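The values are calculated or read from the model by the stated rules, or taken from the named source; none is laboratory data. This one's a predicted model, so the numbers in the text were calculated from it and none came from an experiment. Please note: Cβ atoms are built from the backbone with ideal geometry, for glycine as well, and neighbour counts cover all protein chains shown.
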Amino acid sequence: MTTLRSDYLRRLKQAVAAAALLAVFPLSHAITPLLMRDALPLCPFRAATGKPCPLCGLTRAIALATHGRWRDAFRMNPAWPLFAAAMIGLSILLSIDALSRTRTTDQLLRAISKRWIWLMAALMIFGVWRATYGGNWPP
């Protein structure tokens, strides 16, 4: 009985996580006018240094992309397609795991956690490039 309940809870968590990842797109579409204001200082790194962090503008870029404003989305953060694809891919894997009782997502996250230093290094290199040569993103 306990294993059935724990399996059910694991699958429910996976389904909720998948829905939450996918909800980012319609939610950002709905609140785009609010996101586009400069009144929301969401990035503590940018507030402290005046330079954009590697993730600065990502939320606004995804919001602009949901409106089909591709060029503006790339100006906000040129890495937005990678993050959007990762969110969609992860939500698909979570949905498959929840429906089929597999553990593909767990295996993927374990593999990523073993290589996290390389992911962080790539993000830092992108951040340095963006702060140095990438212009003043987000505008």
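What to note about this one:
- Considering (1) in contact with a Leu (Cβ under 9 Å, 6 or more places away or on another chain); (2) closer than 20 Å to THR49 by Cβ; (3) surrounded by 15 or more Cβ atoms within 10 Å (Cβ to Cβ); (4) not basic (Lys, Arg), the lone condition that ALA131 does not fulfil carries the number (1).
- Selection status of HIS29, in contact with a His (Cβ under 8 Å, 6 or more places away or on another chain) and at pLDDT below 90: yes
- Every listed requirement among (1) within 26 Å of VAL16 (Cα to Cα); (2) within 12 Å of the chain's Cα centre (by Cα) is met by LEU99 save one, (2).
- Among the residues making up the range 101-115, a single one is in contact (Cβ under 8 Å) with a residue 24 or more places away in the chain and charged (D, E, K, R): ARG101.
- Selected residue (criterion: surrounded by the fewest Cβ atoms within 10 Å (Cβ to Cβ)) from residues of the range 62-100 that are free of Cβ contacts under 8 Å to residues at least 60 places away in the same chain and not in a helix (DSSP H, G or I): GLY68
- Scan of the range 44-74 for residues that are aromatic (Phe, Trp, Tyr) and at pLDDT 80 or above, ordered by number: TRP70, PHE74
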